[in-house]
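What follows is a single structure, written as structure tokens, with notes after it.
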Amino acid sequence: MSTGIEAGPLPATVAPAPAADRAGAGFARLRRLALACVVPAALVAIWQFTTAGRPYSLIPPPAEVWAELQDLAVGGINDDAFSGTLWTHLVASLSRVYGGFALAAAAALPLGLLIGRVPLIRALLDPVLQVLRPVPVTAWLPLAMILFGLGPRSAFFLVFLGAFYPILVNTVFGVRSVEPRLFEAAAMLGCTGPAQFVRVVLPAALPSIFTGLRLGLGFAWVVIVVGEMTGVQTGLGAIIMEARQLSRTEIVICGMAVIGVAGFVSDWLVMQLGRRLLAWSPNHG
């Protein structure tokens, strides 16, 4: 008798909980978004207050930069050589950033797995890489122009160099952090030799590898301006350098803003991919 009385009200008490959870999650997202907008809004307000009404200031006010950004994107405002060219420069920079990043990942991942796992490879390569790693990308600029000439190939090389070391160092760290008992357990189950790279090393090191990929992609965006100082005609770095020579500070700021947004979106995409592939990990899922 008591069983029927207790089973009846249960759906009515449980059903509102998911709706309350969704409302709570939506409120939390709105709160995070509002908090994220506080500092940028304050900086724009300070920028407007310190630059508005000063016609000879070298720093233009935000409204002037916004108008220039619209002209760069679709034209129709200034109708000069820069009008409507934003997408051409953005596509050129995206191809160099993702091309250099892909080459860096293709080289650094297998090399990092070998350096982290094979002592002979580590003894041969690690000292040389540790000496080369602190050399800044800007120091490679003259040598890149000699080796690859003026143009996109030097830009690819510099972006590759900027992304290579963060991916390599984090891959080596991830491999060397794999617990030895995992190798012992795998050997007991018949997984030995090169098969351990795929079934033990790679899954265990994947969180560190994704951290390295995020850092590498971030550095690729950092060095794109340097890479596009090598005589290329298109790209966000090229338009920034050309605008600097013409004292068009509003275009320089527009280029910086577009690089920041593009880098943020790239990092978000890698982070979402990492969350899907690392759903099994309690720290990344």
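Before moving on, here are some points about what is shown:
- Among residues of the range 185-197 that are closer than 21 Å to ILE115 by Cβ, those with a beta-carbon under 9 Å from a residue that is outside any helix (DSSP H, G or I) and open to solvent by 50 Å² or more (accessible area, probe 1.4 Å) at least six positions away or on a different chain give the pairs ALA186/THR192.
- Of the residues contained in the range 250-271, none is found to be open to solvent by 20 Å² or more (accessible area, probe 1.4 Å), modelled with pLDDT of 85 or more and among the polar types (S, T, N, Q).
- Scanning the range 16-62 for residues that are at pLDDT below 85, of a type outside the set (Lys, Arg) and open to solvent by 70 Å² or more (accessible area, probe 1.4 Å) yields PRO16, ASP21, PHE27, GLY53, PRO55, TYR56, LEU58.
- Filtered residues of the range 207-239 (kept if open to solvent by less than 20 Å² (accessible area, probe 1.4 Å) and under 19 Å from THR88 (Cβ atoms)): TRP221, ILE224, GLY227, GLU228, THR230, VAL232, GLY235, LEU236, GLY237, ALA238, ILE239
- Residue that is farthest from ILE167 (Cα to Cα), among those in the range 226-277 that are within 15 Å of the chain's Cα centre (by Cα) and β-branched (Val, Ile, Thr): VAL258
- For the condition of a type in the set (Ser, Thr, Tyr), open to solvent by less than 30 Å² (accessible area, probe 1.4 Å) and under 27 Å from the mean Cα position of the chain (by Cα), SER177 does not qualify.
- Which listed residue, of ALA123, ALA81, ALA107, is surrounded by fewer than 12 Cβ atoms within 10 Å (Cβ to Cβ), in a helix (DSSP H, G or I) and not aromatic (Phe, Trp, Tyr): ALA123
- Exclusive hit being under 21 Å from LEU103 (Cβ atoms), touching a Gly at 6+ places or on another chain (Cβ under 8 Å) and open to solvent by 30 Å² or more (accessible area, probe 1.4 Å), set LEU143, LEU150: LEU150
- Some residue of the range 221-232 being on the phi > 0 side of the Ramachandran plot and at pLDDT below 90: yes
The values are calculated or read from the model by the stated rules, or taken from the named source; none is laboratory data. On a predicted model such as this, the values are computed, not experimentally measured, just so you know. Note: ideal-geometry Cβ built from the backbone for every residue, glycine included; neighbour counts use all protein chains shown. In case anyone asks, the SASA skips ligands and DNA or RNA and just uses the protein heavy atoms, side chains included. Shrake-Rupley method; radii C 1.70, N 1.55, O 1.52, S 1.80 Å.
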